[in-house]
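Peer 1: Below is a structure I'd like to ask you about.
Bear in mind that the values in this text are calculations on the coordinates, not laboratory data. Being a predicted model, the structure only gives us computed values, none of them experimental. Glycine gets a Cβ as well: all are built from the backbone with ideal geometry, and neighbour counts include every protein chain shown.
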Amino acid sequence: MMDAIVIEDVSRTYTDRRGRGNREVTALTGVSLRVPAGEVHGLLGPNGAGKTTLCRILTTTLEPTTGQAWVLGRHVTHDSRAVRRSIGLVFGGERGLYGRLSARENLWFWGAMYGLRRARLRARAEEMLSRVGLADRADARVDTLSRGMKQRLHLARGLVGDPRVLILDEPTVGMDPVAALDFRTLLGELKEEGRTVLLTTHDMAEAEAVCDRVSLIDRGRLMMTEDTDAVGRLLSRYERVVADDVPGELIPRIRALEGVVAVQHDEGHLRVETERPSATSCVLGVLAEGGVHRVSTARPGLEEVYLHLVGRRGMAVT
């Protein structure tokens, strides 16, 4: 199967001119990745990891400092116009929409940028508005739409040119749960149509629901690429224990437990991060012996897991 996206040893540096003097900042370092045609691929990482920078290189809005990348066999630097015609792009937030135009007029504009004309342009705009659930708001000015509706319109804008590759940067930001579920259904439909999707997200549950494989990125380095089941097993090792009214004398005992990776204790409020279920059980046992009853457990967020993996072991995953 042909690779829809090929990234070879891509690095990106820039000069930060804020403050005194110029500081060289590395956003990406030696990133290599292949995404087969028809795959939904998740790019996961905390804020500042380099996800958006990589997306901008693939969409030709940034050039790599070193290395090369191709989309559908077209070089992102040497054949940038052809790349732009073959991709759909959705960035989160307000960028890419014109507030004084209606939802329909926005799609007319962007469809024209892809070369659509007259009847085909109008038909495609109506099709996309219906597909993202905005047919009844087609004539509403964008600046009157809710944040979630704007994000749906972003998705329609990304699809209006009928691209074979979609690059979605945090596409569900601002969506309500119903809209986010509809988005997951839409991704499944796009996959069935044979489209390739690169999706950046913080949400592991979202990635598990829609992605075939995911890549973990931190501080500009691609750390691992696995199917979602493998990454889910990795992240499921970590748990969080939260408790109130915890006596200070219990804290040294909890810190000494094997498998406890972080302890925060402030005015009786305790937060413990563990890296294996047995450690969680031991923490709960100490708290029970100490007479603490206001206790809860949960999975930490992806960014917290990154702090454990990257901060403690340099992402040395086995």
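Peer 1: For helix 118-131, report the angle its Cα long axis makes with the longest principal axis of the Cα atoms of the chain; keep it between 0 and 90° and round to the nearest 10°.
Peer 2: Helix 118-131 sits roughly 20 degrees off the main axis of the chain.
Peer 1: Compute the angle between helix 177-192 and the longest alpha-carbon principal axis of the chain, please, reported from 0 to 90 degrees and rounded to the nearest 10.
Peer 2: 60 degrees
Peer 1: So, one more: Explain nothing, just compute: Karplus ³J(HN,Hα) = 6.51 cos²θ - 1.76 cosθ + 1.60, θ = phi - 60°, for every residue of segment 207-220 in order, whole Hz, x for Gly and Pro.
Peer 2: Using θ = phi - 60°, the values come out as 4, 5, 6, 10, 9, 7, 9, 9, 10, 9, 10, 8, 6, x Hz.
Peer 1: Give, rounded to the nearest 20 debye, the magnitude of the charge dipole that the chain has about its Cα centre when Lys and Arg contribute +1 at Cβ and Asp and Glu contribute -1 at Cβ.
Peer 2: Numbers: 45 positive and 43 negative charges, 305 e Å.
I would put it at about 1460 debye.
Peer 1: How big is the antiparallel share of DSSP beta bridges in the chain, given as a percent to the nearest 5?
Peer 2: Details: 39 of 58 bridges.
Close to 65 percent.
Peer 1: Give the calculated FRET efficiency between A288 and R118 to the nearest 0.05, with a Förster radius of 51 Å applied to their Cβ-Cβ distance.
Peer 2: 0.10
Peer 1: Could you tell me which residue out of H41, Y98, P277 lies farthest along the dipole of the chain toward its positive end? Charges go on the beta carbon: Lys and Arg +1, Asp and Glu -1, centred on the Cα centre.
Peer 2: Y98
Peer 1: If you don't mind, another one. How much length would be gained if the chain were fully extended between M2 and S146, taking 0.36 nm per residue of separation minus their Cα-Cα distance, in nm to one decimal?
Peer 2: On the way: separation 144, 0.36 × 144 = 51.84 nm, distance 3.94 nm.
Going from the current span to full extension adds 47.9 nm.
Peer 1: Moving on to the next point. How much length, in nm to one decimal, is gained on full extension between Y98 and R271, taken as 0.36 nm per residue of separation minus their Cα-Cα distance? Numbers along the way, then the final one.
Peer 2: Working: separation 173, 0.36 × 173 = 62.28 nm, distance 4.47 nm.
Extra length from Y98 to R271 when fully extended: 57.8 nm.
Peer 1: Going by a ≥ b ≥ c, the root eigenvalues of the Cα gyration tensor, does segment 3-234 fall in the rounded group (a/c under 1.5), the prolate group (a/b larger than b/c) or the oblate group? Walk me through the numbers before you get to the answer.
Peer 2: Numbers: a/c = 1.57, a/b = 1.41, b/c = 1.11.
The shape class here is prolate.
Peer 1: Ok, one more. Which angle from 0 to 90°, rounded to the nearest 10, does the C-alpha axis of helix 103-113 make with the longest principal axis of the chain?
Peer 2: Tilt relative to the chain: about 70 degrees.
Peer 1: Give me the extension gain from E127 to D229: residue separation times 0.36 nm, minus the current Cα-Cα distance, reported in nm with one decimal. All intermediate terms of the calculation are to be shown ahead of the outcome.
Peer 2: Numbers: separation 102, 0.36 × 102 = 36.72 nm, distance 3.45 nm.
Value of the extension gain: 33.3 nm.
Peer 1: If I model a spin label at H75 and T26 as a point 7 Å from the Cα along the Cα→Cβ vector, what separation in nanometres do I get?
Peer 2: Computed distance between label sites H75 and T26 equals 2.5 nm.
Peer 1: What ranking, highest mean first, results for peptides 124-135, 33-44 when packing means the other Cβ atoms within 10 Å averaged over each residue?
Peer 2: On the way: 124-135: 18.7, 33-44: 20.8.
Packing proxy ranking, top to bottom: 33-44, 124-135.
Peer 1: So, one more: So which residue, out of A209, A27, A156, gets the largest mean-square fluctuation from a GNM of the chain using Cα contacts under 10 Å as springs?
Peer 2: Highest fluctuation among the options: A209.
Peer 1: Using helices alone, I'd like the mean residue ellipticity at 222 nm for the chain: each DSSP H run of four-plus residues gives -39500 (n - 2.57), total over residue count, nearest 500. Can you show the working numbers first?
Peer 2: Details: 11 runs with 114 residues, N = 318.
When only DSSP H runs of four or more count, the value is -10500 deg cm²/dmol.
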